[in-house]
Amino acid sequence: MANVVLRNVRKTYPGGVEAIKGVDFEVGDGQFCVLVGPSGCGKSTLLRMVAGLETITGGEIDIGGRVVNEVEPAERDIAMVFQNYALYPHMSVYNNMAYGLRNRGMAKGEIDTRVREAAQILEIMPMLERKPRQLSGGQRQRVAMGRAIVRQPKVFLFDEPLSNLDAKLRIAMRVEIRKLQRRLNTTSIYVTHDQLEAMTLADILVVMNGGLVEQIGNPLEIYKKPATTFVASFIGAPPMNLIPLQGADANLAGAGSGAGILGIRPEDLVIANEPAPPGGVSLDLIVEAIEQVGAETYVYGVRSRQGETPTVSAKPGELPPGEILVRVPGQSGPAIGERIRAVAARDKLHLFSADGRKRVDS
């Protein structure tokens, strides 16, 4: 096992395209680190740089106390699990798992022991003589993980390994990966664009955007105290309501806070008849849409001023300007067209600078 340290790591492609703009973080020995962010944010590029599949333009990558910038991938003592499984179609499950060990000249008896131990852990013993085409997607992914486990590396690297699975299987495999990592206690770095996957797997969460790290920390700490409006809207489903504090809303969250944007999570809003308690926020809404999702209901309300309804489009993952989402427990809620009041207590408010790049503590 080993820790992984990135120091001011950069990647610039020919033509001056800067994919990674100076990333610093450390993954402790045995920790499970998840890199999360939208497509194109640089997370997979960063993972491939740790693996040695991409050269780095600047900075240092340290694995187990050794700077590996110039070290070949095969010499970094890492094992990688890919999105597309990357299995040899003509080989059996057993030979897919044993192939890399044979290339390293390992003794036949040791190879057999490692393959069967990994197959036992992953519950694929009955499939060792099958070919990949005879397996389901989940079984193929188990084989891909088994091929990594037999290496007994210092670091596991996962590049969106569950993206090709259906929703139900993704949940099951997510649990299995976390249980496996805890059992093996191997340092792991995992890339995903799915914030729920990231929240449930990570010991340490690295939220990326545009080649930069927006925030690093424990998943629940990031959820409770997002450092920027990007993190606030990306982490959490449904996304946080973000209200610019300007014009009529300038004093909505209290004068003198220095904030330019108010954030409220949908689950922290309560439908009530009375105004919010001192320091809290009251929002008068007209119900525009209702979504019933089983154990809870999503109420979409629009803040109408002088009879006008905002129609400006939102950025991906964000609510349209003027629209407020309230999450209420149960299967009942207000009717479409009904006027309601949603209130949030002071300790449920999130305040950010006008550009959204900084959290403001009131």
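Each value in this text was obtained by applying a stated rule to the coordinates, not by laboratory testing. These numbers come from a predicted model, not from an experiment. Every residue, glycine as well, gets a Cβ built from its backbone with ideal geometry; the counts of neighbours run over all protein chains shown.
Brief remarks follow.
- Residue-count net charge about Leu201 - beta-carbon cut-off 13 Å; Lys, Arg +1, Asp, Glu -1: 0
- Reachable lysines, given that their alpha-carbon falls under 23 Å from the alpha-carbon of Lys179 and they are not under 8 places away in the same chain: Lys154, Lys168
- Förster-model FRET efficiency, 30 Å R0, Ile290 and Arg10, C-beta, rounded to 0.05: 0.05
- Placing unit charges on each Cβ (+1 for Lys and Arg, -1 for Asp and Glu) gives the chain a dipole about its Cα centre, and among Gly42, Leu212, Ala342 the Cα reaching farthest toward its positive end belongs to Gly42.
- Cα-based convex hull volume of region 68-134 per residue, rounded to whole Å³: 117
- Cα centroid of region 92-118 to Cα centroid of region 45-71, whole Å: 27
- Counting Lys and Arg as +1 and Asp and Glu as -1 over every other residue whose Cβ lies under 15 Å from the Cβ of Tyr190, the net charge comes to +1.
- The rule of thumb for compact globular proteins, 2.2 N^0.38 Å, goes into the C-alpha radius of gyration of the chain 1.17 times.
- Whole-Å distance, taken between Cα centres, linking region 202-220 and region 134-175: 22
- Filter on Lys11/Lys43; Lys225/Lys348; Lys224/Lys358; Lys21/Lys224 - keep pairs with C-alpha separation over 20 Å: Lys21/Lys224
- Mean Cα-pair separation over length for region 80-204, i.e. relative contact order, pairs under 8 Å, 6 or more apart, %: 32
- A DSSP coil position with no more than 10 other Cβ atoms inside 10 Å describes the following GluC sites (Glu not before Pro) in region 38-146: Glu70, Glu129.
- In order along region 90-95, phi translates into HN-Hα couplings of 8, 9, 5, 4, 4, 6 Hz, rounded to whole numbers, per the Karplus curve 6.51 cos²θ - 1.76 cosθ + 1.60 with θ = phi - 60° and x for Gly and Pro.
- When you restrict to C-alpha pairs under 8 Å that are six or more residues apart and normalise by the size of region 140-252, the relative contact order lands at 17 percent.
- Taking amide H atoms as placed 1.01 Å from N in the peptide plane, the amide H of Tyr190 lies under 5 Å from those of Cys33, Val34, Leu35, Phe158, each 5 or more residues away in sequence or on another chain.
- Here the contact order of the chain, divided by its residue count and restricted to Cα pairs under 8 Å and six or more residues apart, works out to 17 percent.
- Extension gain from Phe82 to Met106, taking 0.36 nm per residue of separation minus the Cα-Cα distance: 6.2 nm
- Size of electric dipole in the chain: Cβ of Lys, Arg +1 and of Asp, Glu -1, about Cα centre, debye, nearest 20: 1040
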